[in-house]
1. In region 87-107, which residue that is at pLDDT 95 or above and of a type in the set (Gly, Ala, Ser) is surrounded by the most Cβ atoms within 10 Å (Cβ to Cβ)?
2. Yes or no: residue 173 surrounded by 13 or more Cβ atoms within 10 Å (Cβ to Cβ), modelled with pLDDT of 80 or more and not hydroxyl-bearing (Ser, Thr, Tyr)?
3. Applying the selection to region 372-427, what residues are among the charged types (D, E, K, R), within 19 Å of residue 284 (Cβ to Cβ) and over 22 Å from the mean Cα position of the chain (by Cα)?
4. Under 8 Å between Cβ atoms, at least 6 apart or on separate chains: pull out the pairs that start in region 413-427 with a residue that is in contact (Cβ under 8 Å) with a residue 40 or more places away in the chain and among the aromatic types (Phe, Trp, Tyr) and end on any residue that is part of a loop (DSSP other than H, G, I, E, B) and surrounded by fewer than 16 Cβ atoms within 10 Å (Cβ to Cβ).
5. What residue, among those in region 184-205 that are without any contact (Cβ under 8 Å) to a residue 40 or more places away in the chain and buried (at least 18 other Cβ atoms within 10 Å of the Cβ), is farthest from the chain's Cα centre (by Cα)?
6. Kindly indicate whether residue 350 is closer than 20 Å to residue 422 by Cα, touching a helix residue (DSSP H, G or I) at 6+ places or on another chain (Cβ under 7 Å), buried (at least 18 other Cβ atoms within 10 Å of the Cβ) and touching a residue at least 24 places away in the same chain (Cβ under 8 Å).
7. Scan region 354-379 residue by residue and report those that are assigned to a helix (DSSP H, G or I) and touching a Gly at 6+ places or on another chain (Cβ under 6 Å).
8. Name the residue, out of 294, 283, 305, that is under 21 Å from residue 344 (Cα atoms) and at pLDDT below 95.
Amino acid sequence: MEIELTITSLSHAAEGIGRHEGRAVFVPFALPGETVRAEIVEEKKNFARARLVEILTPSPDRIKPRCPHHFALPAPQSAIRNPQSAIACGGCHLQHLAYPAQLTFKQQTVVEQLTRLGGFADPPVRPTLPSPSPFNYRNHVQFSLTPDGQLGFRAIHSHEIAPIRECHQLLPALADLFPRINVAPNYVPDLERLTLRLGDGDEAWIIFESDAPAPEMELGLPASAALLRPDGFALTLAGDDHLLQTVRGRAFQISAGSFFQVNTPLAEQIVELALNGLALRGGETVLDLYCGVGLFSAFLAPLAGRVIGVEAYAPAVNDAAVNLDEFDNVELYEAPAEAVLPHLDIRFDAVLLDPPRAGCAPAVVEALAASGASRLVYVSCDPATFARDARRLAAGGYALDWVQPLDMFPQTYHVECVARFSRRPQA
């Protein structure tokens, strides 16, 4: 069934929202202020999902996407029509929205999540810091594979893989490399994903993610290669067993499965915001929770008396041990945060936490509230779980001082945040 509706807002996942017969209708690639024709493709009790068929009144913020795999509309006519004959890649969600409007949308998303899920009446959210490069910024990308071995991304709202010929999110060296990769079917059995990473000097790494035996390899590409097991063990197939990534003049060793920020210039801004938020004066004991390869600890250690790093992923802990070897005041614990934190008999002056997208377990927030730390800096890649944890921290005696969104992931709905909390005075 086709319907006509006016789009009034964007969801947190950047889908246009309109109302029809009392129900909310979610329309990917539609923008606020547009009148559109859409085809209902899924109906629920209180909402529906629809496919954009025709834009009757375009938004002034609508622009032509750069990538041919994005949902694109032909040249304007009296009414703009798109049969959507090709599968729209799900890697980008906002290439059709002008970049300044993307930044505003992301700030609004953080405000809305903190208001709705966090219970903050007037959250102190700053304007979104832009990425220096709205395109060609990623140093790390995960591909899925089509049955015939082509690299691609999942299509929007689908398990189908959309094969791609070009990607404008990637740094130029990766954008040049990936079209040259074609994996023969069953070359690596049960291959789940293929990851490309780029380090200093455009050193590239191809990582096969599978628990299959190591394949024979003749790599005719300017890259190293590894086989990454589900348990995090990596087997080097060609070239080096790690790469280096430099942030603020300091090189960090990163192994195949270790997390590292995908947008290096924004990673530098996050470090600066974190240091400013903690405002160390020297001699403090600082907890670096979910410390990864030691990105924050490396810059905290020269300013603090003692740094305690906690990380569950063993390969990342090994990387951190190398990256932080020069510091005598850093201790590392290899364990889940919720397992180790309640049992650390240490009083912290300040805490930095950078949890995964799922946020913190309740036991972690409870332990932080009981830690006595005067200030916390929370680095988040998911506004919803951040809002939930912010609500819990507020209930535990912390005030939310400020939230700084950063556009770590241009052209997508994802947004990074750095937030500072301070302990409220006891009554």
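1. The residue in question is 101.
2. Working: surrounded by 13 or more Cβ atoms within 10 Å (Cβ to Cβ): yes; modelled with pLDDT of 80 or more: yes; not hydroxyl-bearing (Ser, Thr, Tyr): yes.
Taking the combined requirement at face value, the residue satisfies it.
3. We begin by selecting, within region 372-427, every residue among the charged types (D, E, K, R); these are 375, 382, 388-389, 391-392, 401, 407, 416, 420, 423-424.
Filter again for within 19 Å of residue 284 (Cβ to Cβ), leaving 375, 401, 420, 423.
Answer for region 372-427, where residues must be among the charged types (D, E, K, R), within 19 Å of residue 284 (Cβ to Cβ) and over 22 Å from the mean Cα position of the chain (by Cα): 375, 401, 423.
4. From region 413-427, the pairs are 413/13.
5. This residue is 188.
6. Working: closer than 20 Å to residue 422 by Cα: yes; touching a helix residue (DSSP H, G or I) at 6+ places or on another chain (Cβ under 7 Å): yes; buried (at least 18 other Cβ atoms within 10 Å of the Cβ): yes; touching a residue at least 24 places away in the same chain (Cβ under 8 Å): yes.
It is true that residue 350 is closer than 20 Å to residue 422 by Cα, touching a helix residue (DSSP H, G or I) at 6+ places or on another chain (Cβ under 7 Å), buried (at least 18 other Cβ atoms within 10 Å of the Cβ) and touching a residue at least 24 places away in the same chain (Cβ under 8 Å).
7. So the first thing to find is which residues in region 354-379 are assigned to a helix (DSSP H, G or I), and the list is 362-371.
Within region 354-379, 369 is the sole residue that qualifies.
8. Numbers: 294 fails: at pLDDT below 95; 305 fails: at pLDDT below 95.
Result: 283 is the single residue among 294, 283, 305 that is under 21 Å from residue 344 (Cα atoms) and at pLDDT below 95.
The values are calculated or read from the model by the stated rules, or taken from the named source; none is laboratory data. Predicted model only: the values in this text are computed from it and were never measured. Ideal geometry is used to build each Cβ from the backbone, glycine not excepted, and the neighbour counts take in all protein chains shown.
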